[in-house]
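All remarks here apply to the structure that follows.
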Amino acid sequence: MEGNLNLTLKIWRQKNTQTAGKFETYQVSGISTDMSFLEMIDVLNNRLIEEGDDPVAFDHDCREGICGMCSMYINGRPHGPNRGVTTCQLHMRSFKDGETITVEPWRASAFPVIKDLVVNRSAFDRIIAAGGFISVNTGNAQDANNLPINKDNADDAFAAAACIGCGACVAACKNASAMLFTSAKISQLALLPQGQIEAATRAQAMVAQMDEEGFGACSNTGACEAECPKGISIENIARMNREYFSATFSSK
Amino acid sequence: MTKIDAKIPDGNLAEKWTKFKSSVSLVNPSNKRSLEIIVVGSGLAGASAAASLAELGYKVKVFCFQDSPRRAHSIAAQGGINAAKNYQNDGDSVYRLFYDTIKGGDYRAREANVHRLAEVSGSIIDQCVAQGVPFAREYGGLLSNRSFGGTQVQRTFYAAGQTGQQLLLGAYSALQRQVGMGNVQLFTRHEMLDVVTIDGKARGIIARDSVSGALERHFGHAVLLCTGGYGNVFYLSTNAMGSNVTAAWKAHKKGAFFANPCYTQIHPTCIPVSGDHQSKLTLMSESLRNDGRIWVPKKENDTRKANEIPEDERDYYLERRYPAFGNLVPRDIASRAAKERCDAGFGVGSSKMAVYLDYAAAIIRYGKGEANKHNMHSPTDEEIQSMGKAVVKEKYGNLFDMYKQITGEDPYEVPMRIYPAVHYTMGGLWVDYNLMTTVPGLYALGEANFSDHGANRLGASALMQGLADGYFVIPYTIGAYLAAEIRTPSMSTDSEDFVKAEKAVQDRLETLMNIKGSKPVDYFHKRLGKIMWDECGMARSEKGLKASIKEIQALQKEFWSDVKIPGEINNLNLELEKAGRVADFLELGELMCIDALDRNESCGGHFRIEYQTEDGEALRDDDKYAYVAAWEYEKQSSFKLHKEELKYENIKIAQRSYK
């Protein structure tokens, strides 16, 4: 026993995409406040394995808040109660002894559950493949400093590019909209001179792919921005809409 | 003894690559369309290689075990990427970057490869900017630079503390563009479990679809392993949880030599271990050593809080021991110095296994600078503090936030506690100048190969090497092999070799599932990690290594008789995936100790306590050990050593000094 938190966990268990899932309740004890949320689940899983049960499947990789793979919906909020952190950076000092914690996967029809807390987010990859790039083959570039870029624009582009593609915005949205994710990439490239040439086709192609994947519409609630672990601003959605409408009006 | 041939082109060092590029065999565009290339791994090396090769017209398949190529652990690299642009007019050049890298690697890297790396470094920055990578800029709109360890120029390009993320997303975008165009087929949540060789050449892989558990056979005229390093052999490291050696190890068992496995990099500035539950360690970027000062109390077992210890009772031991480079000495040296202080009883924090990284002085310096900038003649202490903190926040804000998240302490107010942790592996699959392993048609790129960093890697050079290999090296060097393959048609995966390889993989998975022992995979991984950290970590000895080899062999036996893997083989089974990886780590760990034992000298990250100078610096033995140790797999626990002599024709080997 390392710590003194005793917790009740209600965790969504689902065998695969085809099977219906349900909540299971588990008790964990002796949890240290220095543990991360995922390390607490590790403790549970190693116990389940020793008891002969199937451990809880969940996505995770870097455990330092940057790969975007972890994706737990904790007590009704993507990545849990704290602002600006991913589940892997959420520590148990944010919870109280005796608390009941509910853990679910991201809920969105465009993110089907694979198993337990693991969902399929490949729709995001397809949105990027539709236009989230600048068409420059390797070897075609000019000297980097031949293209000065206003620092404010570069900083804003960076802020949009900081998106980790975790999908918390979709999970937070009552419409399961992917506007924040899509707009972050469109904004990053729209803010830079390199991105101008393909700006119109990019906005149209990425929005079309987003719709095709079955993500919902945006109703300006702002939950995506509030729950985004990287603080991606909802202003990006406004910029995307401007890009999209100007592309639509000017399209031949 | 098989002769290993590095295939280094003739001629002057500075002309080798240019001459090579203009004379290497080419594959014409129509032939490229019928040549298939498999790329395993989607980090900087894999994504950049796959995108560039697809742009050239090859048919490419990309495999990654994560749910998206954008998750690869290159994403977590923080500080920056080196390039010999000399934008700062501070005396940088291709030669200096080459020289710093060879010296930083303690004279154990191959000259020709390192020079090529320095030559292409500038093009990487150009390419990334063209892709829209938002590097940090100055107010004039031009790119900003900072310093990293082991150099005296500012050649590091960066995007806050998220440089790896931005570079990887650039490469990922280029890759996804090719996916969208139909030139790359993407296989996510797929793990490569073997290389298929036919008549001695790599012809494909066996991969497992993690979701369905099904095994798949894939053909390729060439196979590129871009699968990263093996730091997770230590259990605790700054690697991602899924980072593993499996692809490289399977290749090793199919004939690819493994080079310098004992060269591991222990990074000096990581957040210390907080308890037994710890699953991974978090790096605090080396860029923090630009402005932070590292110290411990002068008094042994000092229990006062950091802020209560007066200036003259602090030992800034790096500045004291290495005045020329100070806090910016290379990583191996900074790590050993921290260990030395802690072992001597001067460590801080509850575990006493930590040193301070202090920003108080930098905050004041920046605060005063801002006051000057704004023509404030007598700023108050509070104003200096607040302006100084704002500057530090802009430069390192995300790192400070991360530290606070993990430790619950505010690094703007109290010094950070840091301690070394396993971070990177310089060793890897042996490759020739073309990045080809000893198996024809099988290549290794990025951290997965051994070639550029010698016995110690300099900061901000991993990103440079991964992208150099993928964007600018492999697109040329692969032609040397594929030009002779244009008459080889795509092969059916129903052939005996594919069927046999798949059967062997299937048997091994079933064997693992059927052990039905009593202990989870983590139990074995933690034990292996402890052996490796204690005896093959920052300090190594003949006695300790010999004992460790025996212990690891016993642990291998215990694993194969007592591991417990729940769940089913034909379903998403994360424990089964982990078990396969740990089984491979158990074999690799043994080879690392064998390699460390063979190398009776200290160099870079490899420190044998028997071989040190009077003041505790690494003592190389260039007469006997100026070679790359390339190990051939013979059978379980039996490896044969091949030596590639390292010839330094352009650099005079010297004792490495940063004093």
Within the set of other residues whose C-beta is less than 13 Å from the C-beta of A:Leu189, count the net charge using Lys and Arg as +1 and Asp and Glu as -1. +1
Please express the shape of chain B as an equivalent ellipsoid: the semi-axes are the square roots of 5 times the eigenvalues of the C-alpha gyration tensor, given largest first in whole angstrom. 39, 29, 25
In nm, to one decimal, how far is the B:Asp562 label point from the B:Lys526 one, both placed 7 Å along Cα→Cβ? 1.4 nm
Helix A:122-131: inclination vs chain A longest Cα principal axis, degrees, rounded to 10, gives 10 degrees
Could you state the number of Å between the C-alpha centres of the range B:178-251 and the range A:1-77? 28 Å
Measuring from its Cα centre, the range B:386-456 shows a charge dipole (+1 at each Lys and Arg Cβ, -1 at each Asp and Glu Cβ) which, in debye to the nearest 20, is 200 debye
Total formal charge among the other residues, if their Cβ is under 14 angstrom from that of A:Cys163, Lys/Arg +1 and Asp/Glu -1: +1
Value of relative contact order over the range B:267-421, rounded to a whole percent, pairs C-alpha under 8 Å and six or more apart: 31 percent
The range A:5-115: radius of gyration and largest Cα-Cα distance (Dmax), Å: 13.5, 38
Taking only protein heavy atoms and a 1.4 Å probe, what accessible area per residue, in Å², does the protein assembly as shown have with all protein chains in place? 35 Å²
Return the loop-located trypsin sites (Lys or Arg not before Pro) in the range B:43-76 (DSSP other than H, G, I, E, B) with at most 16 other Cβ atoms within 10 Å of their own Cβ; answer none if there are none. none
Lysines within cross-link reach of B:Lys647: Cα-Cα under 24 Å, excluding same-chain residues under 8 positions apart? B:Lys3, B:Lys7, B:Lys16, B:Lys19, B:Lys21, B:Lys103, B:Lys624
Provide a whole-number value for the mean count of partner chain Cβ atoms within 10 Å of the Cβ atoms in peptide B:64-73. 6
Mind checking the angle between helix A:151-161 and chain A's longest principal axis? C-alpha axes, 0 to 90 degrees, to the nearest 10. 40 degrees
Taking θ = phi - 60°, what integer Hz values does the Karplus form 6.51 cos²θ - 1.76 cosθ + 1.60 yield along the range B:210-225, in sequence order, with x for Gly and Pro? 5, 6, 8, x, 6, 8, 10, 10, 10, 8, x, 5, 8, 10, 10, 9
Percent relative contact order for the range A:121-250, counting Cα pairs under 8 Å at least six residues apart, stands at 34 percent
In the protein assembly as shown, if the dipole is taken from +1 on Lys/Arg beta carbons and -1 on Asp/Glu beta carbons about the Cα centre, which of B:Val431, A:Gly68, A:Val103 is farthest to the positive end? B:Val431
To the nearest 0.05, the calculated FRET efficiency linking B:Ser34 and A:Arg13 through their beta-carbon distance, R0 being 41 Å, is 0.30
Acute angle (nearest 10 degrees) that the helix A:179-190 long axis makes with the longest principal axis of chain A, alpha-carbon atoms: 40 degrees
For the pair B and A, the solvent-accessible area buried on both sides (1.4 Å probe; DNA, RNA and ligands excluded), in Å² to the nearest hundred, is 6100 Å²
For B:Lys393, give me every one of the lysines with a C-alpha distance below 26 angstrom, ignoring sequence neighbours fewer than eight places off in its own chain. A:Lys151, A:Lys185, A:Lys230, B:Lys280, B:Lys305, B:Lys368, B:Lys373, B:Lys404
Chain B - mean residue ellipticity at 222 nm from DSSP helices (-39,500 (n - 2.57) per run, n ≥ 4, rounded to 500): -12000 deg cm²/dmol
When the dipole is taken about the Cα centre of the range B:496-628, and only Lys, Arg (+1) and Asp, Glu (-1) are charged at their Cβ, what size is it in debye, to the nearest 20? 620 debye
Normalise the Cα radius of gyration of the range B:75-202 by 2.2 N^0.38 Å (N = residues in it) and let me know the number. 1.29
R0 of 60 Å, Cβ-Cβ distance A:Arg47-B:Asp10: FRET efficiency to nearest 0.05: 0.45
Taking θ = phi - 60°, what integer Hz values does the Karplus form 6.51 cos²θ - 1.76 cosθ + 1.60 yield along the range B:511-528, in sequence order, with x for Gly and Pro? 4, 4, 4, 8, 5, 6, x, 10, 10, x, 4, 4, 4, 6, 5, 5, 5, 4
Considering just Cα atoms, how many Å³ per residue does the convex hull of the range B:65-111 enclose? 136 Å³
Zone residues, the range A:208-251, relative to A:Ser109, backbone N less than 19 Å from point 7 Å out along Cα-to-Cβ: A:208-219
Given that compact globular proteins tend to follow 2.2 N^0.38 Å, what is the ratio of the alpha-carbon Rg of the range A:121-250 to that value? 1.04
To the nearest 20 debye, what charge dipole does the protein assembly as shown have about its Cα centre, counting +1 at the Cβ of each Lys and Arg and -1 at the Cβ of each Asp and Glu? 980 debye
Three-way shape label, the protein assembly as shown, alpha-carbon gyration tensor, a/c 1.5: rounded
Rg and Dmax of the range B:267-421 over Cα atoms: what are they, in angstrom? 15.7, 52
Tell me the Kirkwood radius of the range B:359-454: reciprocal of the mean inverse pair distance over distinct alpha-carbon atoms, in Å. 17.1 Å
Around B:Glu485, under 12 Å between beta carbons, what's the net of Lys plus Arg minus Asp minus Glu among the other residues? +3
Round to the nearest 0.05 the FRET efficiency obtained for B:Val24 and A:Asp155 when R0 = 35 Å and r is the Cβ-Cβ distance. 0.25
Can I get the semi-axes of chain A's equivalent ellipsoid? Compute them from the C-alpha gyration tensor as square roots of 5 times the eigenvalues, in angstrom, largest first. 38, 19, 16
Projected label distance in nm at A:Phe23 and B:Asp410, using a 7 Å step from Cα toward the beta-carbon: 3.6 nm
Exactly which trypsin sites (Lys or Arg not before Pro) in the range A:155-251 are in a DSSP loop and have at most 11 other Cβ atoms within 10 Å? A:Lys174
Inter-label distance for A:Asn220 and A:Asn75, nm, one decimal - labels placed 7 Å from Cα along Cα-to-Cβ: 3.2 nm
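The values are calculated or read from the model by the stated rules, or taken from the named source; none is laboratory data. Since the model is a prediction, treat every value here as computed from it, not as a measurement. Here the Cβ is made from the backbone with ideal geometry for all residues, glycine too, and neighbour counts use every protein chain on show. Accessible surface is based on the protein model in full, side chains and every heavy atom, while ligands, DNA and RNA are left aside. Shrake-Rupley method; radii C 1.70, N 1.55, O 1.52, S 1.80 Å.
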